[in-house]
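Structure, as structure tokens:
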Amino acid sequence: MCLAIPGCVIQWNETDSPFASAVVEFAGVRREVNMALVPEAREGDYVLVHAGVAISCIDPEEARKVFETLHELALADEKAHAEAAEADRDEEPGANA
Amino acid sequence: MKFLDEFRAPESCRRLLERIRAAASREWTIMEVCGGQTHGLLRYGIDQELGGCVRLVHGPGCPVCVTPLESIDFAITLARRDDTLLASFGDMLRVPGSRESLLQVRAATGNVRVVYSPLDAVTLAQKTPDKQIVFFAVGFETTTPATALAVQQASRLGLKNFSLLVSHVRVLPAMELLAGDPGNGINGFLAAGHVCTVGGFDTYEEFTARYKLPVVVTGFEPVDLLTGILECVEQLERHEATVANCYSRSARREGNRAALSLIDAIYEPCDRPWRGLGVVPMGGMRLRAEWAEWDAQRRFQQEMPPVAEPAECRSGEVLTGRIKPPDCECFATRCTPESPLGAPMVSAEGACAAYYRYALARRDPRTR
């Protein structure tokens, strides 16, 4: 019910709320979307659309941060694995011989 | 699709799963209150992957499922009139009323129209001046602005043949009801990302302070869901309870101001019966007095006396997370999507439908 789909604003048609509207593209499909709640959206921005109404502008910087954090987790995991492997080698009999 | 595909990447999910497993020193019980999230968790098997670390319980996150029987019966009464077309989201059609569903009425009368947007119902009213068009306005805060826009548009267009059957609900009062129940066993909440996109999450701060439960604003894709669960588990492990935002690409603390002022102009909070929960104080929205002419209940002078639920259906316990759908004796036997006893089995976001669709298919032992 609360499903909202991201789409790219192609062209504003009307700026007068409550009829504000723009053409928004979803994976190649273009649809007219009500834009009354996102007057700040510019062409090329991504908006989240629910029941024919754009409810927010997607912040690409915030989206990127999720993957930055994931990348940091990956680096931390690799480091931990490398350290564990090192420790295993040290414990092997004859490793220091 | 941008902002979807990357949030479904298996490698990212695997990494987050490992993190959650490593972080959890015991099994934590976390409730989501959004049917879209319920389906995401089941569809991607996240509930199974986290067995032993996180027990996911499903709250009343499906607006269709909590719409009271008397509202559905009223909608059916309207659709049976010769002068009326009832416009509704498709989700609502198969939900059983006390005697029949809107789908059955559509077959009998042709007076039910499925629309994608409430604004399509306004267009329908413009094109069909000889009929009264009633839009069945169900939904959480995510949907409320869209129906408020429909009222504003109808008003500006001077339409005399458009009205709303309002059954909007508000999430936070229902969370308070659940959190206030001492036997709930809930350790933390995932808050619904799109509800918070509209309404913000500053209002949750008082909630976390009062109930000492973490609330994590969470999105809908697997990476979003796992990021939200990880944040919740980490807070629980640190004995913290704060509001965190793991859906920051869309949800902001203060919400969407344009949407909030629009809602406030058209609607006001009111007590509202929720199917399965009973009356939730301030759990609903109604049209303000100055917009009463758009109220279908007033236009058709209809009272909505409470209607008793079928005794067999345990959807009340499902909607409050007390049982999981397969715990119900009727699940997948006397109650199926084709022949449902209650709303959670037919709504696209109902918890029973999610278990029927995903857990049965993977022969989850919990579904027998």
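The values are calculated or read from the model by the stated rules, or taken from the named source; none is laboratory data. In this text the structure is predicted, and so the values were computed from the model without any measurement. Reconstructed Cβ throughout: ideal geometry from the backbone, glycine too, with neighbour counts over all protein chains shown. Please note that ligands, DNA and RNA were not included when accessible areas were found on the heavy atoms of the full protein model with its side chains. Shrake-Rupley method; radii C 1.70, N 1.55, O 1.52, S 1.80 Å.
A:LEU73 meets all of the listed conditions (1) of a type in the set (A, V, I, L, M, F, W, C); (2) within 12 Å of chain B (Cβ to nearest Cβ); (3) buried (at least 18 other Cβ atoms within 10 Å of the Cβ) but one, namely (3).
Only a single criterion out of (1) of a type outside the set (Val, Ile, Thr); (2) more than 20 Å from the chain's Cα centre (by Cα); (3) not in a helix (DSSP H, G or I) is not satisfied by A:GLU83, namely (3).
Within segment B:116-154, the set of residues being at the interface with another protein chain (Cβ under 9 Å from one of its Cβ atoms) and either of a type in the set (Asp, Glu) or open to solvent by 10 Å² or more (accessible area, probe 1.4 Å) (or both) comprises B:TYR116, B:LEU119, B:ASP120, B:GLU141, B:GLN152, B:GLN153. Among the conditions (1) at pLDDT 95 or above; (2) within 14 Å of chain A (Cβ to nearest Cβ); (3) surrounded by 24 or more Cβ atoms within 10 Å (Cβ to Cβ), B:MET92 misses just one, which is (1).
Just one of (1) within 30 Å of A:PRO60 (Cβ to Cβ); (2) part of a loop (DSSP other than H, G, I, E, B); (3) open to solvent by less than 20 Å² (accessible area, probe 1.4 Å) fails for B:PRO60. It is (1). Against the condition more than 13 Å from chain A (Cβ to nearest Cβ), on the phi > 0 side of the Ramachandran plot and either open to solvent by 40 Å² or more (accessible area, probe 1.4 Å) or touching a helix residue (DSSP H, G or I) at 6+ places or on another chain (Cβ under 9 Å) (or both), how does B:GLY45 come out, does it pass? For B:GLY45, the condition - more than 13 Å from chain A (Cβ to nearest Cβ), on the phi > 0 side of the Ramachandran plot and either open to solvent by 40 Å² or more (accessible area, probe 1.4 Å) or touching a helix residue (DSSP H, G or I) at 6+ places or on another chain (Cβ under 9 Å) (or both) - is met.
Condition check ((1) open to solvent by less than 60 Å² (accessible area, probe 1.4 Å); (2) closer than 30 Å to B:GLY139 by Cβ) across all residues:
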| position | (1), (2) |
| --- | --- |
| A:CYS2 | yes, yes |
| A:ALA22 | yes, yes |
| A:VAL29 | no, yes |
| A:ARG42 | no, yes |
| A:ASP45 | yes, yes |
| A:GLU62 | yes, yes |
| A:ASP77 | yes, no |
| A:ASP88 | no, no |
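Applying the condition of being within 14 Å of another protein chain (Cβ to nearest Cβ) and of a type in the set (A, V, I, L, M, F, W, C) to segment B:330-350 and asking which residue is farthest from the chain's Cα centre (by Cα) yields B:VAL346.
Of the residues contained in segment B:273-286, none is found to be under 22 Å from B:VAL217 (Cβ atoms), open to solvent by 20 Å² or more (accessible area, probe 1.4 Å) and in contact with a Gly (Cβ under 9 Å, 6 or more places away or on another chain). With respect to B:PHE201, determine if the residue is aromatic (Phe, Trp, Tyr) and in a helix (DSSP H, G or I). Against the criterion (aromatic (Phe, Trp, Tyr) and in a helix (DSSP H, G or I)), B:PHE201 does not qualify.
When B:GLU6, B:GLU70 are screened for being part of a helix (DSSP H, G or I), open to solvent by 20 Å² or more (accessible area, probe 1.4 Å), within 14 Å of another protein chain (Cβ to nearest Cβ) and at pLDDT below 95, only B:GLU6 passes. Close Cβ contacts (under 6 Å, 6 or more residues apart or on different chains) running from residues in segment B:18-44 that are farther than 16 Å from B:ALA359 by Cβ to residues that are open to solvent by 80 Å² or more (accessible area, probe 1.4 Å) and not in a loop (DSSP other than H, G, I, E, B) comprise B:GLU27/B:ARG55; B:THR29/B:ARG55.
Checking each residue in segment B:216-268 for being part of a helix (DSSP H, G or I), more than 26 Å from B:PHE7 (Cβ to Cβ) and open to solvent by less than 20 Å² (accessible area, probe 1.4 Å) picks out B:LEU262, B:ILE263, B:ILE266. For segment B:77-113, filtering for residues that are charged (D, E, K, R) and in a helix (DSSP H, G or I) leaves 2.
For segment B:301-327, filtering for residues that are surrounded by fewer than 21 Cβ atoms within 10 Å (Cβ to Cβ), among the β-branched types (Val, Ile, Thr) and in contact (Cβ under 8 Å) with a residue 40 or more places away in the chain leaves 1.
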